[in-house]
Amino acid sequence: MKQNEHAIEVDSLTKKYGNLAAVDNISFTVKKGEIFAFLGPNGAGKTTTVEILECLRKPTGGNAYVLGYDINKDGREIKKHIGVLPQAFNSFDRLTVKETIEYYASMFGAKTDADHLINLVDLNDKKNDLFKNLSGGLKQRLGVAVALVNNPEILFLDEPTAGLDPNARHEVWNVIRGLKEQGKTVFLTTHYMEEAEILADTVIIIHKGKIVATGSPEELIDNHGTRNFLILQKADKNAIPLIEKMGMEAKYDGEKGDIHVTLNHNIGVSEVLHALTLKDIGFGELQLKRSSLEDVFLNLTGEKLDEGVKA
Amino acid sequence: MNRILVDLKASLKLFFRNRSTLFWTIAFPCILILLFGAIFSYSTARYDLYVQNQDLANGSPTQFSILFIQALNYTNAFNIKQVNASANATQYALDNKLTSLLVIPKGFENQTMVAKLTNGTIKASLALIYDQSSSTGMAVVGIINGVINQFDSAISSKPSYIDTQLQTIAPTRYGYIDFFTPGIMAMSAMTLSIFGAVEVNTRYRENGIMHKVETTPMTRFEWILSKTIFRILMSFFSMAIILGIGILAFNLKVTIDAVSLLLLAACSMLFSGIGMVLSRFVKDADAADSAANAVTFPMMFLSGTFFPLEMMPPFIRSIATVLPLTYVNNGLRDAMIYGQQQSAIYYTAIITVLGVAVLIIGSFITKWEED
């Protein structure tokens, strides 16, 4: 067992299926107490990586240490110290919320206060409901509670909000923020850029098994998010040729009557507004939309994050 | 150990809370007893009938006994096979595991004449040694009685000159339903175990439950042991239900002893192992269910659970000798009906060795880590 300040250390990790490298020689570290997000489209290698760290899969090459324990040798020890919310958490349909927590607590031999965990994920009203009667969001919240039964130092949350409606997603986000406040290290995989941007201290963008960028969301956007957007609401169509003449892309949204301007590094918002004023071209309100991780991903890979398809 | 008990407790809760599973676990064997019991009462198959004709005159069968055997032949219900007149009939039936042996006693022709002269006051008698454990035995008794009635009518308009002395190979206090019951118990243990194992190994993997359990310190050994104990308990539960209904409805008198419980547990282990092996190769849950059906369905019919093996063509009898359920059926009947402990222990040993071996193979090939 190694002693250091990192919760997770990954060194040249590789997982191959035949000739296909699902995870291709990746290295990174996760600091203790941070929310760390693995961001990438479906099939990028996120779940494979996380399952190797959870000791559910064996790597083809490289190594990794979780809390100083070697994933190739200390699987049983690692499992005692981590909490896992698998993708699309599912449990025994006819056990209640409380029974489910108690069941998994017993698997760890942990003396857990089930009511405290139920309270933590705000499931007090549902604690005697059967699992099969819970909504998707409630199931995920129960999954987080179950991941906490052994009071783990690290939580692996694999796509914790996939398939949830916006309200349920925000509920789960609140729970994740609460975990950080408790000093837990959270390793999150997601294909929702908004989730990574809002929650994560550090983001790794993974694409086709390789790491393409690492940093805080702000750093990634500053370094790789090349484009900000200006939206001119209810604008005069004559603005389009003028903006294009300035070397920028402009699209007209016929339904709303808005013009979407893709700004570039060289020309600022003030210059666009000045040019429009000179030509007496009117518009209603204007809205500035900052570059996002979505744009970072698009810029780095040439693909959209949602589906992993060519833009 | 605690993990095994917790998982076992959870499995029991899940079982008793699932009303449809609970209902079918209880109803299925009960329906089978009633349904197949009724069907066999009207069976029209051709049976092996062994006949020992002791009614000889100068070393040759009497004319009357020959006529009687011919009458039996005319029914087209029997394959009549002759047994040497000097053999000990009861011992012969036991040694050769016969389901029915008709003894035409010495002086049968003369007795019938006397019966006619005394107008039935003194009756002639036949002895039928038969095995109540087989539906064949019961059917044979019925058909022979029919032939005797016809024969009586032919001799005189007033029937009942001939009596049939019934002698069973098994103790007489048992009825047909008692002998049918062990087969249903074995079949029930088989289906509960094989489908239970398939459910856990395919559906739990498909819906992600296995995946979550694998993230805990629970080991594959603990998981499999817990599920196997659960299936053994379910087999005992099913046995208790069958017994309960049987005692209330049919006045069952079978004996449950340690050997029969051990054999049922071994049966459950064996079929749990087979279920695990099946689900390793057929990973889709629905396809695995079909595969389990493909294994259990023929076995139900070819191993003497419903249909007596002696009714089957020789090649099917050969198949039955390699089907494990045949040994479970035989062993349970030996333990619960015949009181043949030695034979029951022999069958139990076979199934236990086989059960442990298949369970170990099943455990070994059951995936715990992903690829």
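Numbers for the structure displayed
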| item | result |
| --- | --- |
| Spans of helices (runs of 4 or more DSSP H) in region B:49-146 with at least 3 residues in the same structural domain as B:Asp163 (by TED's automatic domain parsing) and free of Cβ contacts under 8 Å to residues at least 24 places away in the same chain | B:63-74, B:108-117 |
| Matching option when the condition is at pLDDT 90 or above and within 28 Å of the chain's Cα centre (by Cα), among B:Tyr42, B:Tyr50, B:Tyr92 | B:Tyr50 |
| Residue satisfying condition, being at negative phi and surrounded by 15 or more Cβ atoms within 10 Å (Cβ to Cβ), within set B:Gly355, B:Gly304 | B:Gly355 |
| Selected residue (criterion: nearest to the other protein chains (Cβ to nearest Cβ)) from residues of region B:327-369 that are of a type outside the set (Ser, Thr, Tyr), assigned to a loop (DSSP other than H, G, I, E, B) and touching a residue at least 40 places away in the same chain (Cβ under 8 Å) | B:Glu369 |
| Subset of region A:193-217 [assigned to a loop (DSSP other than H, G, I, E, B) and of a type in the set (Ser, Thr, Tyr)] | A:Ser216 |
| Residue in region B:231-250 that is in contact (Cβ under 8 Å) with a residue 60 or more places away in the chain and within 14 Å of chain A (Cβ to nearest Cβ) present | no |
| Strands (runs of 3 or more DSSP E) wholly inside region A:1-91 containing at least 3 residues that are more than 18 Å from the chain's Cα centre (by Cα), more than 14 Å from chain B (Cβ to nearest Cβ) and buried (at least 23 other Cβ atoms within 10 Å of the Cβ) | A:6-17 |
| Out of B:Phe281, B:Phe306, B:Phe301, sole residue that is over 16 Å from the mean Cα position of the chain (by Cα) and of a type in the set (Phe, Trp, Tyr) | B:Phe281 |
| Candidate set: region A:106-124, residues that are farther than 21 Å from A:Val172 by Cα and not polar (S, T, N, Q); chosen: the one surrounded by the fewest Cβ atoms within 10 Å (Cβ to Cβ) | A:Lys111 |
| Any hit, region B:276-285, residues being surrounded by fewer than 20 Cβ atoms within 10 Å (Cβ to Cβ) and without any contact (Cβ under 8 Å) to a residue 24 or more places away in the chain | yes |
| Subset of region B:214-226 that is crowded, with 20+ Cβ neighbours inside 10 Å and within 7 Å of chain A (Cβ to nearest Cβ) - its residue that is nearest to B:Val6 (Cα to Cα) | B:Met218 |
| Of all residues making up region A:161-196, the number that are of a type in the set (Asp, Glu) and buried (at least 21 other Cβ atoms within 10 Å of the Cβ) | 1 |
| Residue match in region B:195-208 (condition: touching a strand residue (DSSP E or B) at 6+ places or on another chain (Cβ under 9 Å), buried (at least 19 other Cβ atoms within 10 Å of the Cβ), on the phi < 0 side of the Ramachandran plot and within 14 Å of chain A (Cβ to nearest Cβ)) | no |
| Residue list for region A:97-127, filter: within 13 Å of another protein chain (Cβ to nearest Cβ) and part of a loop (DSSP other than H, G, I, E, B) | A:Phe108, A:Gly109, A:Ala110, A:Lys111, A:Thr112 |
| Candidates A:Thr60, A:Thr29, A:Thr48, A:Thr100, filtered to the one that is touching a helix residue (DSSP H, G or I) at 6+ places or on another chain (Cβ under 8 Å) and at negative phi | A:Thr100 |
| Among (1) in a helix (DSSP H, G or I); (2) closer than 27 Å to B:Phe281 by Cα; (3) among the hydroxyl-bearing types (Ser, Thr, Tyr), the one test that B:Thr216 misses | (1) |
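The values are calculated or read from the model by the stated rules, or taken from the named source; none is laboratory data. If you're wondering where the values come from, they're calculated on a predicted model, not measured in any experiment. Cβ: placed from backbone, ideal geometry, glycine included. Neighbour counts: every protein chain shown.
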